[in-house]
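The values are calculated or read from the model by the stated rules, or taken from the named source; none is laboratory data. If you're wondering where the values come from, they're calculated on a predicted model, not measured in any experiment. Positions of Cβ are backbone-derived with ideal geometry, glycine not excepted, and every protein chain shown enters the neighbour counts. The protein model used for the area step is the full one, side chains on, heavy atoms only, and it has no ligands, DNA or RNA in it. Shrake-Rupley method; radii C 1.70, N 1.55, O 1.52, S 1.80 Å.
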Amino acid sequence: MTEVKAKVIKSNTVILHTASLFLLPLQLLFSMFLLLRGHDEPGGGFIAGLVAAGAFVLYLFAHGVDSTRKILRVEPHDLIGAGLLFGVISALPAIFFGQALLTAQWWSFYLVGTEVKLSTVLLFDLGVYLVVMGSILTIVMSLNEAEE
Amino acid sequence: MLFAVLSGFIVAALAPWLMGFLKDRIGWGLALLPAGLTLYFASFIPAVSGGEVVLQHWAWMPILDVHLSFMLDGLSLMFALLISFIGTFILIYAGAYLKGHEYLGRFYVIMLSFMASMLGLVLSNNLISLFVFWELTSVTSYLLIGFNHRDLDARKCALQGLFVTVAGGLALMAGLVMLGLVSGSFQISEVLVADGLLESPLITGIIICVLLGTFTKSAQFPFHFWLPNAMAAPTPVSAYLHSATMVKAGIYLMARLNPALGEHMLWTVLLCSAGGITMLLGVYLAYSATGVKKVLAYSTVMALGTLTMLIGIGTDYAMIAFASFLLGHSLYKGALFMIAGALDHETGTKDLTRMGGLRKAMPITATAALIAGLSLAGLPPLFGFIGKELMLEAVLSAEWQSSLLLVAAVLTASLGIAVAAAVAIKPFWGKVGDTPKKPHEAPVGMWLGPVVLAATSLLFGILPFLPEGWVVAAAVTSVKGQSVDFYLSLWHGINLPLILSGASLVAGAVLYALWGRTRAPLTMVNDVFSRVGPEVGYFRFMSAMTGFAAWQTRVLQNGVMGIYMIVLIMTTVVLAGYTLLSQYGLHLTLTGIGEVHFYEWAIALLMVMAAVYVIFTRSRLGAVATIGALGFSVALIFILFSAPDLGITQVLIETLTVILLVLVLFRLPGFSHYSSRFEIWRDGTVAVLFGGLMTLLMLGALDTRYFETISGFFVEASYPEAQGRNIVNVILVDFRALDTLGEIFVLAIAAMGVYSMLRLRAEVKDDRG
Amino acid sequence: MEHLMAYIIGILFGSAVYMMLRRSIVKLVIGLMILSNAANLLIFTVAGMTRGAPPLIAEGALMPEGAVADPLPQALVLTAIVIAFGVLAFAVVLIHRAYEVVGNDDLDQMKDTDT
């Protein structure tokens, strides 16, 4: 059993090893795409967060915890904290306009001729994205470390 | 006044920090606060003695009629002055007594909080905020009594005090709530003038509940036993708790409510009888005890009984006696406790039988002790004398059982004189005792308080119009509910009280002479009584309660998870199933089954097969694979039925679940078979019943519709109001964002739970090497 | 389709409860997973199932054309799926810890709070 497990945890297959290198940026890009379009098309913080987490988990299986941690640069549980912070911050602006907590605020301006819409909703979705990604990575990475 | 109350809490919070600055002078530094408060409250004397009632009000929870409002009338002012005045000297004293104690900072935090709670209690003009402060004094005094927390006895005694007072507090809360409802307001100033209170059918309940609270707090028979045990506290605490504060809280509340409830017969009877018994019992126990703190504690019980009795008697004389006795007692009891602490500190023993002839070694303490002791004995020209004369006068004026109360009062006075002599004369005069430490005069911080308090007793005795004009007259007005004409003086001419005083003095002298010889027989008698006293009841009750808790835990929490689940599920099945069948009936409908496409049939069949296969398989890998198939079938259902977001999420989660199971589940053993044939049938039945119930509930929900869904709003408002075209996402991050915020917190907590469980284990492993 | 799903979900619930009542902790986990799937499907189904009309608004339109699937249960279930995963992870790790400490996978042996 232990041998099987060891193989599963850190595969030395060349194909996976190489593929994960290329797949990671692609998957992260895709997750950002899902996050940003989520308000209009299928997607959003939850799905995008899962995709991003999946990308890192794939990398984790190919390269191990240490190099994943290196490429992630921050501790995964810090992502959770940042996400929750974004979620809470996005709730606040409404108070200054005398509205109920979490009421959405929109600001739009033109950048090089295109309309760019920013909103507390987007910030909130970003918070969801980070929490989902951070939570799953925290779980998977600490399990992996417990293994070793 | 709000700031006056809060300042105690604020300074309490700063106390440990101030410790670093002031070091050994901390007591003197912190004493500035109560000293300032004394001056602040003293500034109200002219107004209050002129008959004014100062009211201040801050709305707290207006909808519940709960306010932070304060009232300063004669009674409150007298208590507030006593609390801050005596508090000043207690803080100085504690600085010297606990010098160098490792938890001195903690001590001051609790002590100041206690003082602030006590001030809040006597100043509150709202029944609810009064109750809050009341409980705060219980909690802080618990911490004070158990201050020597390494001592098992101290902890036990503190817990006993807490249990008794908090149990009474519960009754008190019920009483206060009823009182507020009946009188239509929770503001005390309005309760006192409410009409028709005594005719209410709830009045008996109100009186009993309120008195349960005050009797426990003020250690009235049969709840008196906790108070002497509370002597486990450091002496400054005892001195404060027993002179002006904690135990007087119950007295305060009875006096406060007397104008509203005093006319009721039950009030009179309960107060007079409990007070009389407590008074007599207290003084007897004080006479028979030998530890100096015990003697003083029981004499406090005696004084509390006297005060309760006086409120119960309720005549003009009784009210004057109440206010004077209260003032006198606070002054001399504070002094005597501090002296007891000094004796303990300087001689190294608490046992009176071993002390003697300390007059030469501790002249200042001895003088203060003599004066305070004379006041306790009720001899002229001390203020205690005025209090005692008035007390006898009041008993003579009583309308209920006057003669019986008189006998008790005279007996108490006689024994009281013997007790006073035992505390104040025995240690200082006569043969030099054999003490563990060589005694010498206490430091200035430890004799200042007793000297000032004793001097005040003397001053008030010689010039009784001073306290009368300052607070006593106004306090009498508050307790009586109307103003009473009187003046205090030492000499009232030769009358019955004076003759009775003289007789008790002679009797007291005889009893003191016998003090040494009566130790052995009294100890024997007390041993017998301690086997049947109310304290035994307390211990029986406590052990019965823990016994009951252990029994019901064994029955309800047997630790077998399967049983818990079966109980929960079967309760649901029986209750929900019965309601469903009786209200709705059994309808196994199959509407729309003809419109199901063949690939949908295939998915449905796949799910059923998965659910059944999982039950019967013996292979763990097979089960996990089947669950995967089930999850992907669910994803297909989502996608086929217009839920792309759900479909994507489900697929991603299924993938991650497989990873999770690979990482953990396969490190667990394979499927084990523990169940007996009986258990299999039992669980199978439960499962079938629950599944059937869910199906019936769903069919019922599908075939009935009571109101339209709220989803129409989301669909219509999604783009115009929330600028989003993916309605599901708009609901998640905009319309119902607060829900989502809560949910990501749940997710975060789950992740942190996993993280800490695994980290903790890693650290344990490290520790073990 | 809703009515057919009602029977299937009933079977899933029954299967989940049976598995959760087993004494082997691994079976408990399996039961938990079936249970969360069944609960999600239940919420999704009772709101009514619609084919081929996702709750999306076409570009340029203010409102979807015609009836669309109810978005509210979808929003509820979406978060439920993710949270179910978090809870499952927690449960699995907890069970694994319990197994390590007790050294037995029989739930009936895990009766005491202090081991």
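Computed values, structure above
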quantity	calculated
Matching option when the condition is more than 7 Å from chain B (Cβ to nearest Cβ), surrounded by fewer than 18 Cβ atoms within 10 Å (Cβ to Cβ) and under 26 Å from B:R705 (Cβ atoms), among C:G103, C:G52, C:G66	C:G66
Residue count, the range B:469-504 (criterion: assigned to a helix (DSSP H, G or I), open to solvent by 70 Å² or more (accessible area, probe 1.4 Å) and in contact with a Leu (Cβ under 9 Å, 6 or more places away or on another chain))	2
Out of B:T367, B:T306, B:T347, sole residue that is modelled with pLDDT of 85 or more, open to solvent by less than 10 Å² (accessible area, probe 1.4 Å) and of a type in the set (S, T, Y)	B:T306
Criterion violated by C:I43 - all others in (1) more than 7 Å from chain B (Cβ to nearest Cβ); (2) crowded, with 24+ Cβ neighbours inside 10 Å; (3) not small (G, A, S) satisfied	(2)
Among (1) of a type outside the set (A, V, I, L, M, F, W, C); (2) part of a helix (DSSP H, G or I); (3) more than 30 Å from B:V476 (Cβ to Cβ) - the single one B:S117 does not satisfy	(3)
Enumeration of residues in the range B:617-628 that are outside any loop (DSSP other than H, G, I, E, B), more than 7 Å from chain C (Cβ to nearest Cβ) and among the β-branched types (V, I, T)	B:V624, B:T626
Residues within the range B:562-616 that are more than 8 Å from chain C (Cβ to nearest Cβ), assigned to a helix (DSSP H, G or I) and either among the aliphatic types (A, V, I, L, M) or in contact with a strand residue (DSSP E or B) (Cβ under 8 Å, 6 or more places away or on another chain) (or both), tallied	16
Positions within the range B:211-233 being of a type outside the set (S, T, N, Q), out of contact with any Lys or Arg (no Cβ under 6 Å at 6 or more places or on another chain) and open to solvent by 10 Å² or more (accessible area, probe 1.4 Å), in sequence order	B:L212, B:F215, B:F221, B:P222, B:F223, B:H224, B:F225, B:A232
Pair list, Cβ < 6 Å and 6+ apart or interchain, from the range B:629-643 residues that are facing another protein chain (nearest Cβ under 7 Å) to residues that are not in a helix (DSSP H, G or I) and not β-branched (V, I, T)	B:F641/C:M49; B:S642/C:A53; B:S642/C:P54; B:S642/C:A69
Which listed residue is farther than 20 Å from B:L702 by Cβ, of a type in the set (V, I, T) and surrounded by 10 or more Cβ atoms within 10 Å (Cβ to Cβ), from B:V525, B:V608, B:V555, B:V532	B:V525
Selection from the range B:725-743 of residues that are surrounded by fewer than 24 Cβ atoms within 10 Å (Cβ to Cβ), facing chain C (nearest Cβ under 8 Å) and under 19 Å from A:A91 (Cα atoms)	B:R736, B:D739, B:E743
Per-region count, the range B:661-676, residues more than 7 Å from chain C (Cβ to nearest Cβ), modelled with pLDDT of 75 or more and crowded, with 16+ Cβ neighbours inside 10 Å	3
Flag if B:R554 is of a type outside the set (A, V, I, L, M) and touching a Gly at 6+ places or on another chain (Cβ under 7 Å)	no
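Per-residue answers, yes or no, for (1) of a type in the set (A, V, I, L, M, F, W, C); (2) under 30 Å from B:P443 (Cα atoms); (3) open to solvent by less than 40 Å² (accessible area, probe 1.4 Å):
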site: B:F3; (1), (2), (3): yes, no, no
site: B:A35; (1), (2), (3): yes, yes, yes
site: B:L39; (1), (2), (3): yes, yes, no
site: B:G51; (1), (2), (3): no, no, no
site: B:M71; (1), (2), (3): yes, no, yes
site: B:A80; (1), (2), (3): yes, yes, yes
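The rows are residues; the columns are (1) open to solvent by less than 10 Å² (accessible area, probe 1.4 Å); (2) within 7 Å of chain C (Cβ to nearest Cβ); (3) closer than 28 Å to B:M565 by Cα.
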site	(1), (2), (3)
B:I680	no, no, yes
B:A701	no, yes, yes
B:T704	no, no, no
B:F707	no, no, no
B:F745	no, no, yes
B:A748	yes, no, yes
B:L760	no, no, no
